[in-house]
1. Going residue by residue through region 29-39, is there one that turns out to be modelled with pLDDT of 90 or more and of a type outside the set (Gly, Ala, Ser)?
2. Which one is nearest to the chain's Cα centre (by Cα), of the residues in region 51-70 that are at pLDDT 90 or above and among the polar types (S, T, N, Q)?
3. Only residues that are part of a loop (DSSP other than H, G, I, E, B) and either among the small types (Gly, Ala, Ser) or within 12 Å of Met70 (Cβ to Cβ) (or both): list them for region 108-138, please.
4. Is it true that some residue in region 6-24 is surrounded by 14 or more Cβ atoms within 10 Å (Cβ to Cβ), among the charged types (D, E, K, R) and over 30 Å from Val133 (Cα atoms)?
5. Collect the residues in region 94-124 that are among the hydrophobic types (A, V, I, L, M, F, W, C), under 17 Å from Leu80 (Cβ atoms) and either exposed (fewer than 11 other Cβ atoms within 10 Å of the Cβ) or in contact (Cβ under 8 Å) with a residue 60 or more places away in the chain (or both), keeping them in residue-number order.
6. Given the conditions (1) modelled with pLDDT under 90; (2) closer than 30 Å to Glu132 by Cα, and given that Gln103 satisfies all but one, which numbered condition is not satisfied?
7. Look through region 72-87, keep the residues that are surrounded by 12 or more Cβ atoms within 10 Å (Cβ to Cβ) and more than 18 Å from Leu50 (Cα to Cα), and return whichever of them is nearest to the chain's Cα centre (by Cα).
Amino acid sequence: MLQFSGLKLGNHHFEYALEASFFDSCESFGINKGSGTAKIQLEKKETMMLLSLSIKAKLDVLCYRCNEDMSLDINEAMELIYKFGTEESLDEALIILPLDSYQIDMFQPLYELLIVSLPTRFIHENDGCEPEVLKFLEGPNIPQDRTSDVDPRWAALNNLN
């Protein structure tokens, strides 16, 4: 939670350590564990607050290709605007807070920033996959010289090109 009620107008900086419990909530996205920090810059104004979030994390995930452990570095940022009022906002970067709010729950914005920062697939870079698994994924070595095994009824198809 980020309590803003006692803060003066202007810029304020905060830093949070992202603990194991935070990354446990991301398990359904393939994150086994992780560690990192979140930096927050809050610019408090009369009627709104501008929030800049940045996250740096090191995640332990499984490679989609070889199913071996790998490390993934995340370094992303986003900005949000918080306004006080009762109307609804269709803009995902604009969040409307009730007039009597005094703090912001930071879990959801940090969670969303982490999730949208993830690549679509976790794959080792620079052929870092396990060589034995890659050999298996290439398939069996079938000799190219298999003309004797071809059914003569299908052999005519080879002449079409």
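1. Yes - at least one qualifying residue is present in region 29-39.
2. By that ranking, first place goes to Ser54.
3. Within region 108-138, Pro119, Arg121, Phe122, Ile123, His124, Glu125, Asn126, Gly128, Cys129, Glu130 qualify.
4. No, region 6-24 contains no residue that is surrounded by 14 or more Cβ atoms within 10 Å (Cβ to Cβ), among the charged types (D, E, K, R) and over 30 Å from Val133 (Cα atoms).
5. If the condition is that a residue be among the hydrophobic types (A, V, I, L, M, F, W, C), under 17 Å from Leu80 (Cβ atoms) and either exposed (fewer than 11 other Cβ atoms within 10 Å of the Cβ) or in contact (Cβ under 8 Å) with a residue 60 or more places away in the chain (or both), then Ile104, Met106, Phe107, Leu110, Leu113, Leu114, Ile115, Val116 are the ones that fit.
6. (2)
7. Step by step, filter region 72-87, then rank; the result is Ile74.
Yes/no per residue for (1) assigned to a strand (DSSP E or B); (2) in contact (Cβ under 8 Å) with a residue 40 or more places away in the chain:
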residue: Ser35; (1), (2): yes, no
residue: Ile40; (1), (2): yes, yes
residue: Leu53; (1), (2): yes, yes
residue: Leu72; (1), (2): yes, yes
residue: Ile81; (1), (2): yes, no
residue: Asp91; (1), (2): no, no
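The values are calculated or read from the model by the stated rules, or taken from the named source; none is laboratory data. Here the structure is a predicted model, which is why all the values come from computation and not from measurement. Here the Cβ is made from the backbone with ideal geometry for all residues, glycine too, and neighbour counts use every protein chain on show.
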